[in-house]
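Please read the structure below before turning to the comments.
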Amino acid sequence: MLLKLGIIFIVFVINSIVTYYLTTNGTWVNLLLKSLSLSLIIVFIYNYVKLMITIKRQK
């Protein structure tokens, strides 16, 4: 589970760098990468909450 969270975080950082430095604001590529960033944030939060619930149940 931690590996999955780490991979999602690394992909988010790479996507943010590409969006910021290699695209122009308002283009379809820029908007697509921004929506991908938002999706990655949602998936990360979901998996983090799932991990926290699993840890609390084990105690």
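The values are calculated or read from the model by the stated rules, or taken from the named source; none is laboratory data. Since the structure is predicted, the reported quantities are computational estimates derived from the model, not experimental observations. Here the Cβ positions follow ideal geometry from the backbone for every residue, glycine too, while neighbour counts run over all protein chains shown.
Below is a table of values for the structure above.
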item	result
Extreme residue, farthest from the chain's Cα centre (by Cα), among residues of region 39-56 that are β-branched (Val, Ile, Thr) and closer than 27 Å to Ile17 by Cα	Val49
Selection from region 8-38 of residues that are within 30 Å of Ile55 (Cβ to Cβ) and either among the hydroxyl-bearing types (Ser, Thr, Tyr) or more than 9 Å from the chain's Cα centre (by Cα) (or both)	Ile14, Ser16, Ser37
Qualifying positions in region 1-58 - in a loop (DSSP other than H, G, I, E, B) and either in contact with a Leu (Cβ under 6 Å, 6 or more places away or on another chain) or among the small types (Gly, Ala, Ser) (or both)	Met1, Gly26
Number of the condition not met by Lys59 [criteria: (1) within 27 Å of Met1 (Cβ to Cβ); (2) modelled with pLDDT of 95 or more; (3) over 16 Å from the mean Cα position of the chain (by Cα)]	(2)
Residue tally, condition surrounded by 11 or more Cβ atoms within 10 Å (Cβ to Cβ), among the hydroxyl-bearing types (Ser, Thr, Tyr) and touching a helix residue (DSSP H, G or I) at 6+ places or on another chain (Cβ under 8 Å), over region 2-59	5
Pair list, Cβ under 8 Å, 6 or more apart: region 5-30 residue touching a residue at least 12 places away in the same chain (Cβ under 8 Å), other residue among the hydroxyl-bearing types (Ser, Thr, Tyr) and surrounded by 12 or more Cβ atoms within 10 Å (Cβ to Cβ)	Leu5/Tyr48; Phe12/Ser37; Asn15/Ser37; Ser16/Ser37; Thr19/Ser37
